[in-house]
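Asks: If you scroll down you'll find the structure; I have some questions about it.
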Amino acid sequence: MSRPSTPVPAADDPLARERSHLAGSRAALRAMREDVESLDIKDVTANWVNAEVLARQIDDRIKALADLSDTPLFFGRLDYLHSPGADRAEGAEGERFYIGRRHVHDHDGDPMVIDWRAPVSQPFYRASKKDPMDVALRRRFGYTRGDITAYEDEHLSDPTEPSGAAATSKLLQQEIERPRVGPMRDIVATIQPEQDEIVRSGLGGTVCVQGGPGTGKTAVGLHRVAYLLYAHRDRLARTGTLVIGPNRSFLHYIEQVLPALGELTVKQATVDDLVAAGLEVRGSDDAPAAVLKGDARMAQVLRRAVYSHVTMPTEPVMVVRGSRRWRVPAYEIEETVRELLDRGIRYGAAREALPQRIAHAVLVQMERSGEAPDDRVQDAVARNPAVKAAVKAIWPPVDPAKLVLRLLTDADFLAEHADGILDEEEQKTILWAKPVRSVKSARWSSADAVLIDEATDLVERTHSLGHVVLDEAQDLSPMQYRAVGRRCSTGSATVLGDLAQGTTPWATRSWDEALAHLGKSDGVVEELTAGFRVPTDVITYASRLLPHIAPGLTPVASVRENPGFFDLREISGTADVVTACEELLRNEGSTGLIAADARVPALAQALTAAGIPYLAPGEETTAETRLTLVPASLAKGLEYDYVVLDEPQAVVDGEPDERTGLRRLYVALTRAVSGLIVTHTAPLPAQLAG
């Protein structure tokens, strides 16, 4: 296959040389893709199954090598003083590496772009004047629609070049402040040292990231997945990875980040997706019931209820084989049952072990009588009708959904197993008011589904993945944490959240408590306090709420040079809200109109009457439609260049209690990247008073 060539620019034109390298790198990537597309696998697979697997792997590889025309193939360059790994005493010449989203090599196998996750790329994020990490020059590139238009150099090993604030990267600031249009994008060009440390932390440990609005915690979590897949691909290919988000809108918003980095195998789900498999969630709970159902004490109630089905034997088991009878006394079977209970193994696993243990007792008697039975005889005895009948009576099967249904509808059954755990009033709170005929006719809530998931795990172990990322984790109940923890019981987790943004009545109070429920008490808590997204004036205003919603939490300090646009407006009606939206839509980028859920229909009607098209949360903006109408309950995790926040007091009043309402307001106030207009007819919440 012929390979494309690019003209060599003049030696005195650095920008032309970099553009030439970009053109050559794109050509090399295209050639890599064509090489994969031309592979013929007809004669290299043993059967159709292998052929299907290999074809799927090739297809994934082709997708991973896609060249996104509007996405820079590389965003930086490192010039080392010495070759990495070489003996510096020998005076080895330095090497040059272009840092990008994926590895690209030429037809000789020499690298043209180095993957940002490779060890040699790390100094691009970590090197400084104080610790240059053997880097002579770090170059950042500026792009316009995929073409290099500027570059910026830092001579890290030059003592005469300024450092600190005087050396702030203008291109870095521009990239951080670039307008947000469409779904979330990667941040590989702007990862900061404290973020990089979290991204590159090892697979074996669990990391919890506390980060205020705009600190990049979600992006850090996603890039950590991409890094772990690079560093431990074989292991994670076997065990799997999963990203868990709070809702479908959020998952849609972030779903393109990992594919843009060439990672296509990571699954995404909500907690409801995980626990409601095969179960239709049609009901809902009031806040008190939901809080109690999410309480970790429910795990004790469920354990008692599941194992209450085990009864001690009162009769011996008589096994007839041919002309011989073998008797296993009740006391011996009871010893076996108690041993299985004491071992704490899953209910279903113990139930499967019991017939084998009874059969083993029979085989011991056979051997004492002079017979020589083998494993086949033991299996046959375990299937004997007398043994099967005894096991069914002693250790009957348990259906998790039926068990939970009985707990929620049978007051006596609940009282028996919640005794000493839930008081009478608490038991009444979670009991259903009306009887239900069957599991299928029950109107299960999300909290009920978590209880069924817990019961299912008591019966049969939940499959564990290699790594799980849990975003917006502060909103999970203890029982939901347990459900997620089961999905990474033999793996690790990255937990992301902000205690100040906990907007559920059961929101977690501390990360140590959350990690304990997750089963990862040894997890390390890291805090991100540098804000890259929210402008200074906006985050300063929103931080007035922190003493009331999360006392003791460190406020976010914006590192944005642009203070942003912020305006408080007392208005007379929805027409003024529409005017504010029209004003912000004159700017480049996206605009979000965030309002209390109850006010969304009226605002939608006003926008339609004014002829302004709008989107729902998670839908991708277009050149014609750049306004999104966002219920406050769905605003978490989303971001827009400009935001109009309608009626702050209505946002607070839309929640079951004031603290949750103020936290919801804090979320809504911090969705803007460039500017915020707060409109109100009612007085503002007192906690926002200057």
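The values are calculated or read from the model by the stated rules, or taken from the named source; none is laboratory data. Note that the coordinates shown come from a computational prediction; the quantities given were computed from them, not determined experimentally. Cβ atoms come from the backbone with ideal geometry, glycine included; neighbour counts cover every protein chain shown. Remember, those area values only see protein heavy atoms, side chains included, never the ligands or the DNA or RNA. Shrake-Rupley method; radii C 1.70, N 1.55, O 1.52, S 1.80 Å.
Asks: Is it true that Gly523 is farther than 23 Å from Lys636 by Cα and buried (at least 18 other Cβ atoms within 10 Å of the Cβ)?
Replies: yes
Asks: While we're here: Please specify each residue of region 226-262 satisfying the condition of being open to solvent by less than 10 Å² (accessible area, probe 1.4 Å) and not in a helix (DSSP H, G or I).
Replies: Hits for region 226-262 are Val243, Ile244, Gly245, Leu261.
Asks: What's the total number of residues in region 280-302 that are buried (at least 18 other Cβ atoms within 10 Å of the Cβ) and in a loop (DSSP other than H, G, I, E, B)?
Replies: 2
Asks: So for region 595-616 (the condition being small (Gly, Ala, Ser) and crowded, with 22+ Cβ neighbours inside 10 Å), does at least one residue qualify?
Replies: Yes: region 595-616 contains one or more residues that are small (Gly, Ala, Ser) and crowded, with 22+ Cβ neighbours inside 10 Å.
Asks: Based on what the data block shows, is Ala64 under 24 Å from Ile187 (Cα atoms) and of a type outside the set (Asp, Glu)?
Replies: So Ala64 fits the description; yes.
Asks: Let me spell it out: the conditions are (1) open to solvent by 30 Å² or more (accessible area, probe 1.4 Å); (2) of a type outside the set (A, V, I, L, M, F, W, C); (3) part of a helix (DSSP H, G or I), and Pro656 meets all of them except one. Which number is the exception?
Replies: Only one criterion in (1) open to solvent by 30 Å² or more (accessible area, probe 1.4 Å); (2) of a type outside the set (A, V, I, L, M, F, W, C); (3) part of a helix (DSSP H, G or I) is unmet by Pro656, namely (3).
Asks: Just one of Arg351, Arg346, Arg338 is farther than 15 Å from Val391 by Cβ and either open to solvent by less than 20 Å² (accessible area, probe 1.4 Å) or touching a residue at least 40 places away in the same chain (Cβ under 8 Å) (or both); which is it?
Replies: Answer to the check: Arg346.
Asks: Please go through region 672-683 and give me each residue that is open to solvent by 10 Å² or more (accessible area, probe 1.4 Å) and either touching a strand residue (DSSP E or B) at 6+ places or on another chain (Cβ under 8 Å) or of a type in the set (D, E, K, R) (or both), ordered by number.
Replies: Ser674, His680, Thr681
Asks: Another question about this same structure. Checking Ala277 against (1) open to solvent by 20 Å² or more (accessible area, probe 1.4 Å); (2) closer than 17 Å to Ala386 by Cβ: exactly one of these is not met. Which one?
Replies: It is condition (2) that Ala277 fails.
Asks: Quick one: in region 303-317, of everything that is open to solvent by less than 60 Å² (accessible area, probe 1.4 Å) and among the hydroxyl-bearing types (Ser, Thr, Tyr), which residue is nearest to the chain's Cα centre (by Cα)?
Replies: Out of the qualifying residues, it is Tyr307.
Asks: Quick test for you: out of Arg533, Arg544, pick the one residue that is under 30 Å from Glu194 (Cα atoms) and in a loop (DSSP other than H, G, I, E, B).
Replies: Answer to the check: Arg533.
Asks: Also, quick follow-up: Determine the pairs where a residue that is over 17 Å from Ser157 (Cβ atoms), located within region 114-127, has a partner that is of a type in the set (Ser, Thr, Tyr) and assigned to a helix (DSSP H, G or I) with Cβ atoms under 7 Å apart, the partner being 6 or more residues away or on another chain.
Replies: Going by the 7 Å Cβ cut-off, the qualifying pairs are Ile114/Ser121; Asp115/Ser121; Asp115/Tyr230; Arg117/Tyr227; Arg117/Tyr230.
Asks: With respect to the numbered conditions (1) part of a strand (DSSP E or B); (2) over 12 Å from the mean Cα position of the chain (by Cα), which one is the sole condition not fulfilled by Gly205?
Replies: For Gly205, the failing item is (1).
Asks: Additional query: Among Arg185, Arg117, which is the only one that is modelled with pLDDT under 90, under 23 Å from the mean Cα position of the chain (by Cα) and among the basic types (Lys, Arg)?
Replies: After applying the criteria, what remains is Arg185.
Asks: Here are some residues: Ala514, Ala507. Which one is touching a Cys at 6+ places or on another chain (Cβ under 9 Å), small (Gly, Ala, Ser) and either over 19 Å from Glu639 (Cα atoms) or part of a strand (DSSP E or B) (or both)?
Replies: Sole residue among the options that is touching a Cys at 6+ places or on another chain (Cβ under 9 Å), small (Gly, Ala, Ser) and either over 19 Å from Glu639 (Cα atoms) or part of a strand (DSSP E or B) (or both): Ala514.
Asks: Would you mention how many residues in region 598-615 are free of Cβ contacts under 8 Å to residues at least 24 places away in the same chain and in a loop (DSSP other than H, G, I, E, B)?
Replies: So the count comes out to 3.
Asks: Look at Val362 and say whether it is open to solvent by less than 10 Å² (accessible area, probe 1.4 Å) and either out of contact with any His (no Cβ under 6 Å at 6 or more places or on another chain) or at positive phi (or both).
Replies: It is true that Val362 is open to solvent by less than 10 Å² (accessible area, probe 1.4 Å) and either out of contact with any His (no Cβ under 6 Å at 6 or more places or on another chain) or at positive phi (or both).
Asks: For region 617-657, which residues satisfy the criterion of being within 13 Å of Ser590 (Cα to Cα) and among the small types (Gly, Ala, Ser)?
Replies: Gly618, Ala623 - these are the residues of region 617-657 that are within 13 Å of Ser590 (Cα to Cα) and among the small types (Gly, Ala, Ser).
Asks: Which of (1) in a helix (DSSP H, G or I); (2) open to solvent by 10 Å² or more (accessible area, probe 1.4 Å) does Arg461 not meet, given it meets every other one?
Replies: Of the numbered conditions (1) in a helix (DSSP H, G or I); (2) open to solvent by 10 Å² or more (accessible area, probe 1.4 Å), the odd one out for Arg461 is (1).
Asks: Which one of the conditions (1) assigned to a strand (DSSP E or B); (2) closer than 16 Å to Tyr640 by Cβ; (3) touching a helix residue (DSSP H, G or I) at 6+ places or on another chain (Cβ under 6 Å) does Asp567 fail to meet, given that it meets all the rest?
Replies: (3)
Asks: Is it the case that some residue within region 403-422 is in contact (Cβ under 8 Å) with a residue 40 or more places away in the chain and not in a helix (DSSP H, G or I)?
Replies: Yes, region 403-422 has at least one match.
Asks: Which strands (runs of 3 or more DSSP E) does region 89-162 wholly contain that include 2 or more residues that are crowded, with 18+ Cβ neighbours inside 10 Å and not acidic (Asp, Glu)?
Replies: Correct list: 96-100, 111-115, 135-144.
Asks: Given the conditions (1) open to solvent by less than 40 Å² (accessible area, probe 1.4 Å); (2) within 29 Å of the chain's Cα centre (by Cα), which single one is not true for Leu68?
Replies: Unmet for Leu68, out of (1) open to solvent by less than 40 Å² (accessible area, probe 1.4 Å); (2) within 29 Å of the chain's Cα centre (by Cα): (1).
Asks: Now for a separate question. Which condition from (1) in a helix (DSSP H, G or I); (2) crowded, with 17+ Cβ neighbours inside 10 Å; (3) modelled with pLDDT under 85; (4) not β-branched (Val, Ile, Thr) is the one that Lys63 breaks?
Replies: (2)
Asks: Also: In this structure, is Thr215 of a type outside the set (A, V, I, L, M), modelled with pLDDT of 95 or more and in contact with a Gly (Cβ under 8 Å, 6 or more places away or on another chain)?
Replies: In short, no.
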